[in-house]
Structures are given as structure tokens and as C-alpha cells.
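Right, one structure below, let's go through it.
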Amino acid sequence: MVYFLLGVIVIIAIAMSIIVFKVKEIEKEKTKTTFVKKQNIGSINGYGNITKPKKKIDYKKNIERGKKFEEKVLKYYSELGYEVKENGKKRFQDKGIDIIATIHNKTTLIQCKDWETYKFGEKNFKEFIGSCEAYVNTNNLNKENMKYIFVASKNNITKQGMKFIIENRHLFEFKVIN
């Protein structure tokens, strides 16, 4: 009799485990896919299903954060004795150079990035170096008196990005100011 009751208890425990597992699996699936009325979203896949809705990006907030960070970096270099000029006021026309800082006849071209979640990669650094080279050539500047600094608010770099920084430290400097 004891063995019979023990067997029943084991079977009930296994059944409960399976039920709990299935419920969790169903809840996971519910969070992945949400069904909404077709007229509210237009046709995404013909049935109105949205899978993993994207996080809404507040562009205005991002622009404000970027401006504040540029001001912080501008102040930082100014306090170090640099004569600073804000190039980033032009926003998208700055061609990747936010600040131009000069000290002792040496000009530093600075890119400021205050990215919260994205990581910096090799592509970002190559674009920055290309922007600096274009600026030097367009303005007929002496490359010997130039320095390029990529300033970020966080040290969030991909492995490839870190490798690129190390291999190309003679071309530019990566600095974190937070």
C-alpha cells in the first residue's frame, strides 16, 4: 500500500512538473508574438502579427544627450588649455568631427559619441579616420600638426574595434570621458 501511494505521488509530481513547464512555454510564446488588429498596424505579414516589437527610439532625447556630451567634452578640453571650436553645431554637416581643439600649434579633431547601448566597432573608427583625413585635405592643413581623438562616454567596444584601436594607435586615440 505504501509503495502504491508513493507511486501515485511520484506520478502526480511528474505531471505537475510537465504542466508548469508547458505553462511557462506558453507564456514565453505569448511575449514573443502579439496579435493586433490589422488596421492599427497595416499589413506586416498579412495577418497582423508582430513578432518582438522594436524598442521605440526617442531621437529628440538622443540628440539632446549628444549635445550635452559634446558640451562636456568641449569644456574638458577647454580646461586643459585648448582653444576649442564647436564643429558639431552643424549636426549632420559636421562630417564626423564635432570639436576642433588647438594647443601649441597642434590641432586635434575630436568625434564625440554618447551611445547608451550600441558598441563601437572597426567601421566607426575607420569612418572617423576617413572624416579627419578629408577635413585635413579639404582645408589644406599640415598633417604633421594634426591629432585625431574619438571620445566616448562608455568603453563599449567590440572585439574587432579593440583590435583596430590597438593596431592603429598611431592614427588616432580612443578616450573615455564620463
Would you check if there is a residue in the range 116-123 being β-branched (Val, Ile, Thr) and over 28 Å from Glu83 (Cβ atoms)?
yes
Say whether the condition of being exposed (fewer than 12 other Cβ atoms within 10 Å of the Cβ), closer than 17 Å to Ser78 by Cα and either in contact (Cβ under 8 Å) with a residue 24 or more places away in the chain or in contact with a helix residue (DSSP H, G or I) (Cβ under 9 Å, 6 or more places away or on another chain) (or both) is met by at least one residue in the range 153-175.
no
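Residues of the range 97-117 being assigned to a loop (DSSP other than H, G, I, E, B) and either farther than 15 Å from Val176 by Cβ or in contact (Cβ under 8 Å) with a residue 60 or more places away in the chain (or both), which ones? Let's see the steps before the verdict.
Of the range 97-117, the ones assigned to a loop (DSSP other than H, G, I, E, B) are 97-98, 104-105, 114-117.
Within the range 97-117, Ile97, Asp98, His104, Asn105, Thr117 qualify.
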Taking the range 31-84 as the search range and keeping residues that are over 17 Å from Ile177 (Cα atoms), of a type in the set (Ser, Thr, Tyr) and part of a helix (DSSP H, G or I), which one is modelled with the lowest pLDDT?
Thr31
Just the residues that are over 21 Å from the mean Cα position of the chain (by Cα), of a type outside the set (D, E, K, R) and in a helix (DSSP H, G or I), please, taken from the range 129-149.
Cys132, Ala134, Tyr135, Val136, Asn137, Thr138, Asn145
Selection status of Ile149, among the β-branched types (Val, Ile, Thr) and at pLDDT 95 or above
yes
Which condition breaks for Phe125 when tested against (1) closer than 24 Å to Lys61 by Cβ; (2) surrounded by 13 or more Cβ atoms within 10 Å (Cβ to Cβ)?
(1)
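The values are calculated or read from the model by the stated rules, or taken from the named source; none is laboratory data. All figures in this text were calculated on a predicted structure; none of them were measured in a lab. Methodologically, a virtual Cβ is constructed for each residue, glycine included, from the backbone with ideal geometry; neighbour enumeration extends over all protein chains shown.
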